[in-house]
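Shown next, in structure tokens, is the structure this report addresses.
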């Protein structure tokens, strides 16, 4: 084989390898993508709880009367990660962690006739399996099922050294639905999603927002959203504590997909 033919062979091989690499990268982008989200939620809480009877050191007794509190508003963070793939019958996966911490500096339900503080932590993780039959630049439809895992506490303080704490360890199964519609050629869209609980616990977590697509490239998509969110939960646990809380307020959401 002369040098000319040998050079053409090497060039053809290199071109084929480069084409295969480009095709592989394009195919990977089409069959697998990851979306990361962060949400800041300025939440206003309401509601209270009914604990079991507890006797604290010093003879302080906490009765099982319903308590309503004046909770302080507080900003809460939610982080989420979604994995999309190309296999039709296998659901996509979304994992979220939600911060949900509030204080009642001066509760309206006194312990032994004195004012006291209350801390509440209802942070939880959400695991969602979902399908996305429509997921393009104009329309988005997703549906699936979720498991919310709560592992928090409600603590009442008589003073700095005397307190009662009730664990809130619950699991909620819910249905999941999300939809979005875009206004062509503007970058704006409206999006709404919600989790509605099934089973013995009363629960919903719904939100709606106006979204803007600020990044649109071959590698990344970026959205920023401004909206309103409402969460309501009622845990009925006679052995520990019954809770009935509602959280509402505006949020700002940032999402990147690659």
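Scanning region 44-59 turns up at least one residue that is modelled with pLDDT under 90, exposed (fewer than 11 other Cβ atoms within 10 Å of the Cβ) and part of a strand (DSSP E or B). When residue 189 is tested against the conditions (1) more than 18 Å from residue 142 (Cβ to Cβ); (2) over 20 Å from the mean Cα position of the chain (by Cα), the lone failure is (1). Would it be correct to say that residue 103 is at pLDDT below 95 and in a strand (DSSP E or B)? Yes, satisfied.
For the criterion of being exposed (fewer than 14 other Cβ atoms within 10 Å of the Cβ), at pLDDT below 95, in contact with a strand residue (DSSP E or B) (Cβ under 6 Å, 6 or more places away or on another chain) and not in a loop (DSSP other than H, G, I, E, B), residue 81 fails. Looking across region 86-100 at every residue that is assigned to a loop (DSSP other than H, G, I, E, B) and touching a residue at least 40 places away in the same chain (Cβ under 8 Å), the one that is nearest to residue 120 (Cα to Cα) is identified as 100. Restricting 254, 226 to residues that are in contact (Cβ under 8 Å) with a residue 40 or more places away in the chain and under 27 Å from residue 135 (Cα atoms) narrows the list to 254.
None of 150, 143, 214 is under 20 Å from residue 99 (Cβ atoms) and in a strand (DSSP E or B) except 150. Exactly one residue out of 226, 252 is under 26 Å from residue 119 (Cβ atoms) and assigned to a strand (DSSP E or B): that is 252. Counting residues in region 216-223 that are surrounded by 14 or more Cβ atoms within 10 Å (Cβ to Cβ), modelled with pLDDT of 95 or more and closer than 16 Å to residue 42 by Cβ gives zero. Mind listing whichever residues of region 170-186 are crowded, with 19+ Cβ neighbours inside 10 Å and within 21 Å of residue 141 (Cβ to Cβ)? 174, 176, 178, 180 - these are the residues of region 170-186 that are crowded, with 19+ Cβ neighbours inside 10 Å and within 21 Å of residue 141 (Cβ to Cβ). Checked against the criterion of being more than 20 Å from the chain's Cα centre (by Cα), in contact (Cβ under 8 Å) with a residue 60 or more places away in the chain and surrounded by fewer than 19 Cβ atoms within 10 Å (Cβ to Cβ), the candidates 167, 213 yield just one match: 167.
The values are calculated or read from the model by the stated rules, or taken from the named source; none is laboratory data. Only a predicted model underlies this, so the values are computations on that prediction, with no experimental measurement involved. For neighbour counting, all protein chains shown are included, and Cβ atoms are generated from backbone atoms with ideal geometry for every residue, glycine included.
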